[in-house]
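Q: Pasting a structure below so you can have a look.
The values are calculated or read from the model by the stated rules, or taken from the named source; none is laboratory data. Owing to the predicted nature of the structure, the values given are computational and were not obtained by experimental measurement. Note that we place each Cβ from the backbone using ideal geometry, even for glycine, and neighbour counts take in every protein chain shown.
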Amino acid sequence: MATITIDEQQYTVEEGRNLIDAAADLGIDIPHFCYHPGLAPDGNCRMCLTEMEIRPGQFGIVTSCTIRIKDGMNFRFNSPAVLDNRKGIMEFLLINHPLDCPWCDQAGECKLQDHSFDHGRGHSRFVETKRVPPKKDLGPHITLYTTRCILCQRCTRFCDEITGTSELGVVQMGSKSEIATFEGVPLDNRMSANVADICPVGALVTKDFLYKPRIWHYDKVDTLCPGCATGCNTTLEVLHQKIYRTKPRHNEAVNGYWMCDEGRFCYHGWQDADRLQAPLKRVDGELRQVTWPDAMDAAVSGIQAVLAGEGDSAMGVVGSSMATNEENYLLRRLGAEAFGSPRTGLDRKPDGEAWTSKSGFHIDADKTPNTRGARDMLGAGSPEDILRGIGDGTIRGLYVLGGDIGRTLSSEETDAFSKLEFLVVHDVHRSDLAELADVVFPGAIPFEKNGTMTNAQGRVQRLSPAFPPPSGAREDGAILRYVGQRMGVDLGGTDPAGVLEEIAGNVDGYAGLTYDLIGDQGAMTGGEGPSEAAGG
Amino acid sequence: MATPLEFTEAARERAAKILDRYPAEYRKSAVVPLLHLAQEEWGHVSPEAMACVARLIGCSPVKVAEIATFYPMFNREPVGEHVLAVCHTLPCALTGCGSVFDHLSEKLGIGLGETTADGRFTLRKSECLAACDRGPVLLVNRRLHTHVSPEKVDEILTELEKG
Amino acid sequence: MAAPLEILTAPLPAETDPGDIDAYMAGGGYGAVRKALKSMSQTELIEEINASGIKGRGGAGFSTGMKWNLCADRFPRYLCANADESEPGSFKDRHLLEAKPHQIIEGMIITSYALGINLGYIYIRGEFFQIIDQMEAALEDARKHGFLGADILGTGYDLELYVHPGAGAYICGEETGLIESLEGNRPYPRLKPPFFPAAIGLWGQPTIVNNVETMAQIATIVDMGAEAYKQIGSEDDTTGPRLFGLCGHVKKPGIYEYDSDVTLRELIYDAAGGIRDDNRLKGVIPGGISAPILTPEEIDTPMGFGALGKLGSMGGTGGIIVMDETTSMVDALLNASSFAAHESCGQCTPCREGVPWMNDILRRIRNGQGRDEDLDLLLDICKQIHGHTVCVFGQAPGVWPVRTILVKYWPEFRACIERKELVVPPLEESYLRPDQYEHIPPVPGNFRLKTEEADAAG
């Protein structure tokens, strides 16, 4: 730790920490544009200039973003020289700015607006003609409103330092400088949309979040990305039960400040899916919408028929890597306590393409968020194991926790599942699997779930619902509990915090984990608690 | 983008010599000299030429575009056979570069940055060429003409027409 | 009356090609390299340069010895000789490059040897086509004669030097801009701290960036010895011979070599033969366009870096731009400002936005559309840029000409605004006398015109 002085007040801060970050920790805002804690400092915007004691009694102007805290440093954040510079920089940045806040999507989260309010001059002294460079389409997700750009180069540095793909550059010289891509080489790396998050002004915007409701209307929900086993921490922006935007939430041990485009925009697929609005039951070979009690009766009698005819091990249960630890744990209990000694499997769609960025940000090949957790909860065998069991006739009935809109069945799987005597499925839409089922319970998508998931590293993290499931659907834990009840088994409460407590007592590696301990940054399995592994 | 450009065999050899001047791990240092080479080859630095240089260095093409568009010496568009650049910075302005430029403009029938219809001449202004004691100065292709007057402009143009 | 010198400007024998290494060697050339490599240790050489008191000739007047001493103890180290001469009004480097390429190479070899450097570049601005060709040939000749390459003169010391051409950007003359350019990046100057070239320079290694005239002077120092060298000029200001380039409205523009004690008046009226058409002097920029202008009452100053600094100006590059009474200072400043606006690299906000803004305002004033508030606005913009930029460019060509020409020639600018057209008032009515404006400090900060007097004068 180091003791520093800011405007004649002493503070104790972490030695070696960046001055802007250290000041933020103390609740002191040093206005800045080009500095971003996830990128190397560049010092080009000049907004963060402050005064530092260079020799005893003598202060000099320095860029805060390049200062690393050392014991005894002495700063002036509010001297006339510092305040005058801020006012000057604000004026310079605004003289060529279009001042189009009324139709700019950044309004409300714009550093120019914020700093102008705090440090600007309130009127313009500029009577010359503004530069009006044209808007540019940079890639599949990103548009550049060139007039609004302040050339802080966060975006170019992101593509150089983080992705290593270097699609963006600054072309032309001096006041004509512009951010650009090269003809035929668009900004299409797998993390490209992060540039819109880090753009401090309204210059880089995602095409996805264009002309949408103003940012201050949204509810913000901290949760996880369901797109892959990395488990990026995210914040959803939600209005009237609809997600409008996903942004990465900082977690140094998992995703740093970033997330991939696939994950960022995956909410559309979930949100736009044709959701099941009521349970389904097979009647005369066709799935028909029925009431919940009707579906429960059908499920329970079907399962009991399999168990009665074929004995204890004839029912299999298949967990889901889309489901939470708690849901998979409740499924295990349901299987063990109501189905005798079922074969347990874990269903997962085929792998996608893995990618690791220059900075180490990892997109996992496993396109489901909770394979590790589901496996930990179920102690599950491979999907092939279940197929073999069906094939050799030892598995006659199956209870599947589905719910992955990306899951389709291969012809072998279709053949195998068709042979089952009785199939119960939780799902969110009429998937290939649901089409084969005898009873389908409409469950929840990841954005409607409350619980924990364990990412590929073994970090247990919390998932929070952006909104409840549709009125005819239920959270999967509640469905499991209901089925259990009907079969004479009490699965206890479905409050995830309570279930996690149970998991901590029963599942290897989860000992000691609690909701509070996991917090908003997660905690490692294996009893390490929150750790500081390297992130993206 | 149009067909990819490749250097001729002779230019590739020169490029290899240029690259040899820098440590092997810092090939990007050669970008400016290689862009000069590209301009010698093709007269201007098109996006295809930038891509060619980028392949040679092994970097993203936009990083070459950053350089090619920064420096005023690189022509982004085709230029005339002869590029005439009148220095217009203060010392030359004090010694009459304005009349030199106006005379050239009138003689050639083109304005600043333009090329004659026959593709022979491109007229430009240049910042200080560091020959202020001999102003006004005029850079014609690779050659610097000093103490230029409207009369001398006529001589230079006649010589170029002949050559 | 100061006497002209012939040290750096010593003429070559008639009919000699400046690139001819044999002719150069016949006149004693490469003797300094032999002396340094054969008879002096690295420490002795560094001490010799320290003792000479030489200040760098690139424009800032920073002690060369100190620069060398700051070189971090890490290897490899690199040398960059700066021949990106682009400061308007400066042409001494071109003169040396044309006339004495081998002396520059000598200085580079000695510098490299002294600092344990094995690889160096001479960064020559791209428009110097013939100079680049001549320098490349000269380096090749030096290599053939065993002054470059492996085991130079049998001493076991290896050195390679190459030409690196620029491509027409003024900013590459800034030492860290030059390094970025050499690395193949946009030549954005680096933040200092931490990127002092002597600590973290080319490719992250300690790097010495010295002007080419400084390189030539190094050869001279080794040649004549520090003791003799520092007798030239004054030790407490600037030692060694200086190259002054006179241009603009003088009868005999050209390069003149004197010591630093020569006065500006002597240079203009004696060396360069006085003002053209025997007009009266209106103003003189004493060291390249960035150097704050001096009015006729201020020219009896010696040309040392310190002496000019006391006047609120600077020695700069020694490029002296002389303007006679027919000159429109509004036009002159607009020209200087256009240069700065064109050459601003665009990296940092104040320079990228502020410098072109000032240029727009000045163009408006020149075109008869000036407003009463414009002059104060210009001074305010100067203040907002000054000391707030990444490199010195923002203030050197960006601010200093505006705030000094504007303040000193305030009545002329006022006249232009009031009469809504470009006017060149009679000399007496065009500028303020030194006692009419407050000292214009060369350091970041405010300065204020004595407004009442200015209004009275305007």
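Q: What do you reckon, is residue C:387 crowded, with 20+ Cβ neighbours inside 10 Å, modelled with pLDDT under 95 and within 13 Å of another protein chain (Cβ to nearest Cβ)?
A: Answer is no for this residue.
Q: If you take the residues of the stretch C:338-360 that are closer than 17 Å to residue A:129 by Cβ, more than 7 Å from every other protein chain (Cβ to nearest Cβ) and of a type outside the set (A, V, I, L, M), which of them is surrounded by the fewest Cβ atoms within 10 Å (Cβ to Cβ)?
A: It comes out as C:338.
Q: I need every pair where a residue in the stretch C:268-290 that is surrounded by fewer than 21 Cβ atoms within 10 Å (Cβ to Cβ) has its Cβ under 6 Å from the Cβ of a residue that is part of a helix (DSSP H, G or I), sequence separation at least 6 or different chains.
A: From the stretch C:268-290, the pairs are C:280/C:427.
Q: In addition: Going through A:420, A:436, A:463 one at a time, which residue ends up being surrounded by 24 or more Cβ atoms within 10 Å (Cβ to Cβ) and either over 17 Å from residue A:316 (Cβ atoms) or more than 28 Å from the chain's Cα centre (by Cα) (or both)?
A: Criteria check complete, one pass: A:463.
Q: Still on this structure, please answer the following. Looking only at the stretch A:116-153, how many residues end up being crowded, with 23+ Cβ neighbours inside 10 Å and either part of a helix (DSSP H, G or I) or more than 34 Å from the chain's Cα centre (by Cα) (or both)?
A: Total meeting the criteria: 1.
Q: Residue by residue through the stretch A:245-280, note down the ones that are over 17 Å from residue A:233 (Cα atoms), surrounded by fewer than 18 Cβ atoms within 10 Å (Cβ to Cβ) and not hydrophobic (A, V, I, L, M, F, W, C).
A: Answer for the stretch A:245-280, where residues must be over 17 Å from residue A:233 (Cα atoms), surrounded by fewer than 18 Cβ atoms within 10 Å (Cβ to Cβ) and not hydrophobic (A, V, I, L, M, F, W, C): A:268, A:269, A:271, A:272, A:274, A:277.
Q: Pick out the one residue from A:190, A:264 that is away from chain B (no Cβ under 14 Å), basic (Lys, Arg), over 30 Å from residue C:358 (Cα atoms) and within 11 Å of the chain's Cα centre (by Cα).
A: Every option except A:264 fails the conditions.
Q: Suppose we keep only residues that are more than 7 Å from every other protein chain (Cβ to nearest Cβ) and among the polar types (S, T, N, Q) within the stretch A:141-178. Which one would you say is nearest to residue A:131 (Cα to Cα)?
A: A:147
Q: Kindly establish whether residue C:152 is away from every other protein chain (no Cβ under 11 Å) and crowded, with 24+ Cβ neighbours inside 10 Å.
A: no
Q: Return a yes/no flag: does the stretch C:50-60 have any residue that is in contact (Cβ under 8 Å) with a residue 24 or more places away in the chain, among the aliphatic types (A, V, I, L, M) and outside the structural domain of residue C:156 (by TED's automatic domain parsing).
A: no
Q: While we're here: Any residue that is free of Cβ contacts under 8 Å to residues at least 60 places away in the same chain, within 7 Å of another protein chain (Cβ to nearest Cβ) and surrounded by 15 or more Cβ atoms within 10 Å (Cβ to Cβ) - is there at least one of those in the stretch B:76-86?
A: Among the residues of the stretch B:76-86, not one is free of Cβ contacts under 8 Å to residues at least 60 places away in the same chain, within 7 Å of another protein chain (Cβ to nearest Cβ) and surrounded by 15 or more Cβ atoms within 10 Å (Cβ to Cβ), which makes the answer no.
Q: Does the stretch B:107-119 contain at least one residue that is of a type outside the set (A, V, I, L, M), more than 14 Å from every other protein chain (Cβ to nearest Cβ) and at positive phi?
A: Within the stretch B:107-119, one or more residues are of a type outside the set (A, V, I, L, M), more than 14 Å from every other protein chain (Cβ to nearest Cβ) and at positive phi.
Q: Is there a residue in the stretch C:79-98 that is of a type in the set (Lys, Arg), surrounded by fewer than 20 Cβ atoms within 10 Å (Cβ to Cβ) and out of contact with any strand residue (DSSP E or B) (no Cβ under 7 Å at 6 or more places or on another chain)?
A: no
Q: Residue by residue through the stretch C:171-201, note down the ones that are within 19 Å of residue C:214 (Cα to Cα) and hydroxyl-bearing (Ser, Thr, Tyr).
A: The answer is C:176, and nothing else.
Q: (1) under 17 Å from residue C:56 (Cβ atoms); (2) crowded, with 24+ Cβ neighbours inside 10 Å; (3) more than 9 Å from every other protein chain (Cβ to nearest Cβ); (4) not acidic (Asp, Glu): which one isn't true of residue C:105, the others all being true?
A: (1)
Q: Mind checking which pairs have a first residue in the stretch C:293-320 that is at positive phi and in a loop (DSSP other than H, G, I, E, B) and a second that is among the hydroxyl-bearing types (Ser, Thr, Tyr) and surrounded by 20 or more Cβ atoms within 10 Å (Cβ to Cβ), Cβ under 8 Å, 6 or more apart or different chains?
A: C:312/C:404; C:316/C:90; C:316/C:290; C:318/C:90
Q: Another question, if that's okay. Sort out which residues of the stretch C:169-193 are surrounded by fewer than 21 Cβ atoms within 10 Å (Cβ to Cβ) and at the interface with chain B (Cβ under 8 Å from one of its Cβ atoms), and write them in order of number.
A: C:183, C:185 - these are the residues of the stretch C:169-193 that are surrounded by fewer than 21 Cβ atoms within 10 Å (Cβ to Cβ) and at the interface with chain B (Cβ under 8 Å from one of its Cβ atoms).
Q: For the stretch C:80-113, what are the residues that are part of a helix (DSSP H, G or I), in contact with a Pro (Cβ under 7 Å, 6 or more places away or on another chain) and not hydrophobic (A, V, I, L, M, F, W, C)?
A: C:98, C:101
Q: Restricting to the stretch A:7-30, give me the number of residues that are closer than 19 Å to residue A:71 by Cβ, away from every other protein chain (no Cβ under 14 Å), touching a Ser or Thr at 6+ places or on another chain (Cβ under 9 Å) and touching a residue at least 12 places away in the same chain (Cβ under 8 Å).
A: Matching residues across the stretch A:7-30 total 5.
Q: Residue C:93 passes all but one of (1) free of Cβ contacts under 8 Å to residues at least 24 places away in the same chain; (2) of a type in the set (D, E, K, R); (3) under 21 Å from residue C:393 (Cβ atoms); which number fails?
A: (1)
Q: Okay, next question. Applying the selection to the stretch A:8-24, what residues are surrounded by fewer than 14 Cβ atoms within 10 Å (Cβ to Cβ) and either under 24 Å from residue A:44 (Cβ atoms) or touching a Phe, Trp or Tyr at 6+ places or on another chain (Cβ under 9 Å) (or both)?
A: Scanning the stretch A:8-24 gives a single hit, A:16.
Q: Can you spot a residue in the stretch B:23-42 that is crowded, with 16+ Cβ neighbours inside 10 Å and outside any helix (DSSP H, G or I)?
A: Looking for residues that are crowded, with 16+ Cβ neighbours inside 10 Å and outside any helix (DSSP H, G or I), one finds none in the stretch B:23-42, hence no.
Q: For the stretch A:399-417, which positions are among the aromatic types (Phe, Trp, Tyr) and crowded, with 24+ Cβ neighbours inside 10 Å?
A: Listed by number, the list holds a single entry, A:399.
Q: May I ask you to list the residues in the stretch C:59-85 that are within 13 Å of another protein chain (Cβ to nearest Cβ) and more than 12 Å from residue C:211 (Cα to Cα)?
A: Of everything in the stretch C:59-85, those that are within 13 Å of another protein chain (Cβ to nearest Cβ) and more than 12 Å from residue C:211 (Cα to Cα) turn out to be C:76, C:78.
Q: Yes or no: residue C:196 under 24 Å from residue C:391 (Cβ atoms) and more than 14 Å from chain B (Cβ to nearest Cβ)?
A: Criteria met by residue C:196.
Q: If we keep just the residues of the stretch C:125-146 that are in contact with a His (Cβ under 9 Å, 6 or more places away or on another chain) and away from every other protein chain (no Cβ under 11 Å), which is nearest to residue C:75 (Cα to Cα)?
A: Selected residue: C:142.
Q: Let me ask something else. Working only within the stretch A:197-213, note down all residues that are of a type in the set (Lys, Arg) and either surrounded by 18 or more Cβ atoms within 10 Å (Cβ to Cβ) or not in a helix (DSSP H, G or I) (or both).
A: Matches in the stretch A:197-213: A:212 only.
Q: Show me the strands (runs of 3 or more DSSP E) entirely contained within the stretch A:31-113 in which 1 or more residues are away from chain C (no Cβ under 14 Å).
A: In the stretch A:31-113, the matching strands (runs of 3 or more DSSP E) lie at A:49-55, A:74-76.
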